[in-house]
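Below is one structure, written out as structure tokens, with a few remarks after it.
The values are calculated or read from the model by the stated rules, or taken from the named source; none is laboratory data. What you are looking at is a predicted structure, and each value in this text was computed from that prediction instead of being measured. Ideal geometry is used to build each Cβ from the backbone, glycine not excepted, and the neighbour counts take in all protein chains shown.
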Amino acid sequence: MNQTLYTIDLIGTFVFAISGALAGSGKKLDIFGATFLAFVTAVGGGTVRDLLIGSLPVGWIQDINYLIAILAGVVCTYFFKRYILPLKKTFFIFDTIGIAVFTILGMNKALGLGVHPVMAIMMGMVSAVVGGVIRDTLTNEIPLIFRQEIYATACIAGGISFWLVGFVSPFPVVNVGITILVIIAIRVLAIRNRWSLPGIG
Amino acid sequence: MNQTLYTIDLIGTFVFAISGALAGSGKKLDIFGATFLAFVTAVGGGTVRDLLIGSLPVGWIQDINYLIAILAGVVCTYFFKRYILPLKKTFFIFDTIGIAVFTILGMNKALGLGVHPVMAIMMGMVSAVVGGVIRDTLTNEIPLIFRQEIYATACIAGGISFWLVGFVSPFPVVNVGITILVIIAIRVLAIRNRWSLPGIG
Amino acid sequence: MNQTLYTIDLIGTFVFAISGALAGSGKKLDIFGATFLAFVTAVGGGTVRDLLIGSLPVGWIQDINYLIAILAGVVCTYFFKRYILPLKKTFFIFDTIGIAVFTILGMNKALGLGVHPVMAIMMGMVSAVVGGVIRDTLTNEIPLIFRQEIYATACIAGGISFWLVGFVSPFPVVNVGITILVIIAIRVLAIRNRWSLPGIG
């Protein structure tokens, strides 16, 4: 189970790195800029979570596999950009599984350090969405998730589900599976039905 | 005394959250984006201070009341926006008391960890103003306090006052009171007389 | 040797502070905004490195000389701006020596905490370039190093050189000297020959 989550975590990192590298398109970035953006997009959320809960050094500094996953994402973007861009649906699926796993792992890490469950849910959401916020800020955009479709909300709902099911399910795998399904279901339904949160005006 | 400061700290957090939620106005943010901005505006300064001085996990993760104060600020903004906007003077007063208390608490925390007094004064100012800097950066604006009226300067003056009076006053309450008055006086005088710092050109 | 590196570190901090204070030109910043920018430009990279590797409180809070170097840079910018701006070549030299020393000191600090050499090279580069990234983000620009001439790349090459030479040279001074020369050589050659990294498209 942990091995499976770890593998999905690395795949999510790879997918986030591609999203970061692509954010440079049309902004005349060079390959270093694109790699920098890929990096902060992929590990920015987990880094902010680790800083807030005081789990230092941050996770990716202690495991070179995250760096490798990110560089692989940048290389793929550079050479296969024209083939990647049309794969929107594939991306959407991996991205959604990615944020689900980021949410679960982030929440688990916070709970393990004795953080209050409500704050742990927030830390799960932070792990999943803050990398994208930093990516957008560095490329001089107002963060997409501040106005976009249901995204962070899906992570929060998944976190609540993970917490509640944890009380009744003796098997972590069941809990993880349900949480991932909740997050995928909310995102898919939100896009199908064009759900959006009310604006602040 | 500590209880009083804690209460004002929560009120300051509530007022800062409203200022963050309002920052989204006219930028087409949804309620999640507004809440995110409210959060970083209210706790961003204290978070950066805690990170710099190494007091982790950061304060608000360990006390759910800050989250409650922030969510209350967002809910008020959402439902009572039309009534809040005209209350400029009320806001100004609470905001000024808020930055005064943020300065004092931030400085005290740094001093308690053995930080050099000059750096502790800076940490007090950071606690008070950095949340607004992050709010402005996320909404794609050059931070207001980089060009606005005397604001951070008032916090620094208050911090110096708090430090100096601490040598002669045996009563913390006197010290706190004088510091709050110094900060309020500087801000009010600065606005009345249109004081501003020289530009850098 | 350590004393020499420390001195160059302070000079680099002074030069970076001037570059930060000048970033405010034309943006109507006041002297506080310019000082804030000078500060984050000068210590931003080392701060992010210290946070990531968990070396808290961050370095500059424990040594008032960095604050003094930064304030000296701001004062110089304010009074001698017209004389400083034409000194482009002098600046280029000090800036390049500065990033070289920032790279070496950052890498050494990470290695001393048991960080993997590849990550330590990255931490050296982070120490040298992230201050500029924060400066550009706060002034609402896409970071210069995301599209500019060879800059971060020179730091990475210097870091690799520092690591490799460390295996064969028993004298740190030789290693430091070679690394500084590598970084200067790459930057000078890159500008002379208009080298640039490939774009990401």
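Here are the numbers for the structure shown:
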| item | result |
| --- | --- |
| The lone exception for A:G46 - which of (1) crowded, with 20+ Cβ neighbours inside 10 Å; (2) over 24 Å from A:N140 (Cα atoms) it fails | (2) |
| Test result for B:G159, farther than 30 Å from C:E141 by Cβ, without any contact (Cβ under 8 Å) to a residue 60 or more places away in the chain, in a helix (DSSP H, G or I) and under 15 Å from the mean Cα position of the chain (by Cα) | yes |
| Total residues in the range B:173-200, condition part of a loop (DSSP other than H, G, I, E, B) and buried (at least 16 other Cβ atoms within 10 Å of the Cβ) | 2 |
| Pairs where the first residue, in the range A:124-142, is more than 17 Å from A:I53 (Cα to Cα) and the second is among the charged types (D, E, K, R), C-beta under 8 Å, 6+ apart | A:T139/A:K27; A:N140/C:E141; A:I142/A:D136; A:I142/B:K27 |
| Unique residue being touching a strand residue (DSSP E or B) at 6+ places or on another chain (Cβ under 9 Å) and farther than 21 Å from B:D50 by Cα when the list is A:I104, A:I93, A:I64, A:I31 | A:I31 |
| Some residue of the range A:130-146 being within 13 Å of chain B (Cβ to nearest Cβ), small (G, A, S) and within 22 Å of A:I191 (Cβ to Cβ) | yes |
| Qualifying residue in the range A:11-20 (condition: farther than 18 Å from A:A110 by Cα and touching a Leu at 6+ places or on another chain (Cβ under 6 Å)) | yes |
| Number of the condition not met by B:I200 [criteria: (1) within 20 Å of the chain's Cα centre (by Cα); (2) over 21 Å from B:H116 (Cβ atoms); (3) not acidic (D, E)] | (1) |
| Residues that are surrounded by fewer than 24 Cβ atoms within 10 Å (Cβ to Cβ) and touching a Gly at 6+ places or on another chain (Cβ under 7 Å), drawn from the range A:99-129 | none |
| Number of the condition not met by A:F14 [criteria: (1) more than 18 Å from the chain's Cα centre (by Cα); (2) closer than 29 Å to A:F171 by Cα; (3) crowded, with 21+ Cβ neighbours inside 10 Å] | (1) |
| Per-region count, the range A:77-94, residues modelled with pLDDT of 85 or more and crowded, with 17+ Cβ neighbours inside 10 Å | 1 |
| Condition check for B:G114: of a type in the set (G, A, S) and closer than 25 Å to B:F92 by Cβ | no |
